[in-house]
Amino acid sequence: MKVLLIQPAGNCEKLSSTLANHSEPLGLCYVAAYAKQQGNDVQIIHQITESDDKIIRMVEEYRPDLVGFSTMTYNFNNAIAIADMIKQTTPAKIVFGGVHVTADIESIKHRSIDYIVRGEGDHTFSELIYAIENFASEAQLRKIKGIVFNDKSEIINTGMPDRITALDSLSFPLREGLLVGEAKYVRHGLVYPAVSKQRRASINASRGCLHKCSFCTSPMQWSYSQEYRSAKNVVDEIELLIDKYQINYFELRDENFTQNRTRAIKICDEINTRGIKISWYCQGRISDIIKGNFVDTKLLENLKAAGCFEIEYGIESGLDKSLERMQKGITIQQTQKVVKVTQEAGLVVHALMILGFPWEIKQDLVDSVCFARELEVDKYRFAFFVPFKGSASYEAINKEQIKDKNINNWTTDTPVVSLKDMNLSELHSFRNYAYTAVYTTSFYERCKNKAAIPKLKETYEDWMNFIRTLVV
Ligand code: B12
Ligand code: SF4
């Protein structure tokens with residue numbers, strides 16, 4: 001079958017703060033690779049790099065039998081708009097996948113969506129393609145786990161698919177033409193190698209997470225479990241990307257790379273044993289580095305020795321009461337300790353903070369920003385709290401507090417939930433204050449001269465210029 005896969009754009013791409021986030025759409029690249037392995041002809045469009053006209057032209061020329069969309073909440077409406085256009089001009093079946101529709105199965109009521117694929121889509125999508133190609137009956141479709149479709153006036157939901165445990169059996173993602181470093185992607189960042197010299201790729205060494213933070217959709221999407229690829233398989237992919245595309249910077253996109261330390265160390269060892277010289281970053285968790293009195297400096301040293309230069313930690317808040325309510329399972333003292341040892345290990349710390357949990361008031365936000373500032377890390381991201389469908393927060397929130405129901409704005413860069421003493425516009429201004437507070441000139445000068453990461457000096461100016469664009 002001829003399959004066209006589209007990663008739709010949305011408001012997120014219009015906001016400068018997320019320019020830093022452009023990367024190949026890994027989920028879609030995985031789904032594409034599996035569908036191709038099953039004998040289908042597959043093409044991918046990443047909409048941020050193409051005009052709407054080009055998409056329509058491509059549909060007319062390629063004449064797909066099936067078009068698939070990957071959805072987060074903020075790009076869902078745009079995906080629908082493109083699907084509507086495609087439906088008007090072709091008989092192609094339309095399939096929606098990704099985290100948004102996994103949580104919101106009512107989306108199937110949109111007239112342009114024929115099928116939804118929920119959760120981990122690799123196997124399910126290919127089973128569905130096969131079924132469509134062979135004119136499967138409704139009874140046969142009901143046997144495919146992980147899909148939603150309409151049957152007359154009834155919504156058929158076959159439940160979540162089984163998790164794929166043998167991740168090594170999946171082909172590497174289909175990334176042709178989608179790698180950042182090609183001129184069409186824009187990017188800023190405090191990274192090494194510097195942005196202009198960077199050839200970058202994303203990698204997933206595991207899927208899922210074992211925690212239950214209330215604002216996160218991971219528990220719903222991956223059914224509270226984490227599955228791993230072998231170290232050999234991960235490093236084979238790294239080597240292939242170096243050989244084929246000269247990649248020199250890797251983003252390990254696991255939700256939580258440090259969750260299983262034995263496996264993280266195995267990957268580091270494999271990189272070192274093969275003599276691979278690369279720079280990479282990963283997402284870690286404070287509670288993986290500190291457990292009671294034990295602080296895992298060995299893990300940090302291993303990461304550093306294998307070329308990791310940065311860890312992103314979900315620090316979220318500077319208030320223990322908020323951390324407790326969001327079920328983060330960490331304290332601010334633990335965060336302070338872990339940030340310190342991570343910096344001592346010579347790693348850049350990227351602090352991810354969330355502003356405006358529904359129970360907070362302005363003073364809480366001020367305290368949280370003061371805490372963040374005192375951490376003195378190199379990189380900060382202040383996201384707004386958003387009660388995504390599929391998260392525990394969505395179930396818990398008083399829906400009256402959601403003041404912006406236009407999901408195009410649900411990017412986490414725009415406030416959508418008001419607080420007792422702050423409206424949306426005040427929250428928006430507060431984020432400028434937060435960025436200004438943490439990136440003051442004197443602080444920046446101090447960072448720039450840090451001995452631990454001298455290689456980064458050349459990129460500080462670019463990074464700070466970018467940050468200034470956020471604060472205006
Ligand atoms: C890594 C990550 C990123 C990376 C890379 C994202 C990317 N484009 O690949 C970066 C840092 C760039 C990023 C940015 C953002 N992210 Co993010 N991100 C994640 C994270 C931690 C893992 C995603 C991932 O790579 N998973 C691994 C791959 C293999 O899985 P997958 O993408 O889900 O794809 C599988 C299935 O969903 C399905 N599938 C996906 N698409 C399709 C399409 C079809 C047709 C089919 C059949 C199946 C299918 O099959 C895939 C393979 O099994 C998730 C958390 C999570 N639980 O998913 C958040 C998450 C997806 N991000 C989120 C958000 C909000 C964002 C931002 C909007 C935040 C911001 N303002 O910066 C931006 C959007 C930028 C963008 N244009 O992508 C939210 C989305 C919530 C929602 N409902 O919208 C999540 C769920 C985190 C959360 N808060 O709970 N993100
Ligand atoms: S926020 Fe991070 S640690 Fe918490 S459930 Fe989501 S992925 Fe896991």
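Among the residues of region 355-398, those that are at pLDDT 95 or above, surrounded by fewer than 18 Cβ atoms within 10 Å (Cβ to Cβ) and acidic (Asp, Glu) comprise Asp367, Glu395.
Residue-level check: of (1) at pLDDT 95 or above; (2) surrounded by fewer than 19 Cβ atoms within 10 Å (Cβ to Cβ); (3) of a type in the set (S, T, N, Q); (4) touching a strand residue (DSSP E or B) at 6+ places or on another chain (Cβ under 8 Å), Ser171 misses just (4). The helices (runs of 4 or more DSSP H) located wholly in region 204-287 that include 1 or more residues which are over 30 Å from Gly159 (Cα atoms), hydroxyl-bearing (Ser, Thr, Tyr) and away from ligand 1 (no atom under 14 Å from the Cβ) occupy 231-245, 261-273. Taken over region 381-401, the criterion of being among the aliphatic types (A, V, I, L, M) and more than 8 Å from ligand 1 (Cβ to nearest atom) is satisfied by Ala392, Ala396, Ile397. Consider region 308-353 and keep the residues that are among the basic types (Lys, Arg) and closer than 30 Å to Glu395 by Cα. The one that is farthest from the chain's Cα centre (by Cα) is Lys321. Residues of region 61-88 being touching a helix residue (DSSP H, G or I) at 6+ places or on another chain (Cβ under 7 Å) and either more than 16 Å from ligand 1 (Cβ to nearest atom) or hydroxyl-bearing (Ser, Thr, Tyr) (or both), which ones? Within region 61-88, Ser70, Thr71, Thr73, Tyr74, Met85 qualify. Return yes when Leu252 is within 23 Å of Tyr192 (Cβ to Cβ) and crowded, with 21+ Cβ neighbours inside 10 Å and no when it is not. In short, yes.
In region 277-299, the residues that are in contact (Cβ under 8 Å) with a residue 24 or more places away in the chain and in the same structural domain as Gln333 (by TED's automatic domain parsing) form Cβ pairs under 8 Å with partners that are within 16 Å of ligand 1 (Cβ to nearest atom) and small (Gly, Ala, Ser), at six or more places apart or across chains, as follows: Gln283/Gly314; Arg285/Gly314; Ile286/Gly314.
Among the residues of region 373-388, are any out of contact with any Gly (no Cβ under 6 Å at 6 or more places or on another chain), small (Gly, Ala, Ser) and in a loop (DSSP other than H, G, I, E, B)? Within region 373-388 (the criterion being out of contact with any Gly (no Cβ under 6 Å at 6 or more places or on another chain), small (Gly, Ala, Ser) and in a loop (DSSP other than H, G, I, E, B)), the answer is no, since none of the residues qualifies. Scanning region 292-319 for residues that are part of a loop (DSSP other than H, G, I, E, B), more than 16 Å from ligand 2 (Cβ to nearest atom) and at pLDDT 95 or above yields a total of 5. Taken over region 264-291, the criterion of being crowded, with 17+ Cβ neighbours inside 10 Å, of a type in the set (Lys, Arg) and within 16 Å of ligand 2 (Cβ to nearest atom) is satisfied by Arg285 alone. Could you please tell me which pairs satisfy a Cβ distance under 8 Å, a separation of 6+ or placement on different chains, a first residue in region 203-218 that is assigned by TED's automatic domain parsing to the domain that holds Gly27, and a second residue that is within 6 Å of ligand 2 (Cβ to nearest atom)? Partner pairs satisfying both residue conditions: none exist. Looking at this structure, is Gly177 on the phi > 0 side of the Ramachandran plot and in contact with a strand residue (DSSP E or B) (Cβ under 7 Å, 6 or more places away or on another chain)? Criteria not met by Gly177. Among the residues of region 238-250, some residue qualifies, meaning at least one is at positive phi and away from ligand 2 (no atom under 16 Å from the Cβ).
Conditions (1) under 23 Å from the mean Cα position of the chain (by Cα); (2) of a type in the set (S, T, N, Q), marked per residue:
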position: Thr273; (1), (2): no, yes
position: Ile286; (1), (2): yes, no
position: Phe294; (1), (2): no, no
position: Lys298; (1), (2): no, no
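For region 41-61, a tally of residues being surrounded by fewer than 22 Cβ atoms within 10 Å (Cβ to Cβ) and modelled with pLDDT of 95 or more returns 1.
The values are calculated or read from the model by the stated rules, or taken from the named source; none is laboratory data. Everything numeric in this text was worked out from a predicted model, so none of it was measured. All Cβ positions, glycine included, derive from the backbone under ideal geometry; neighbour counts span all protein chains shown.
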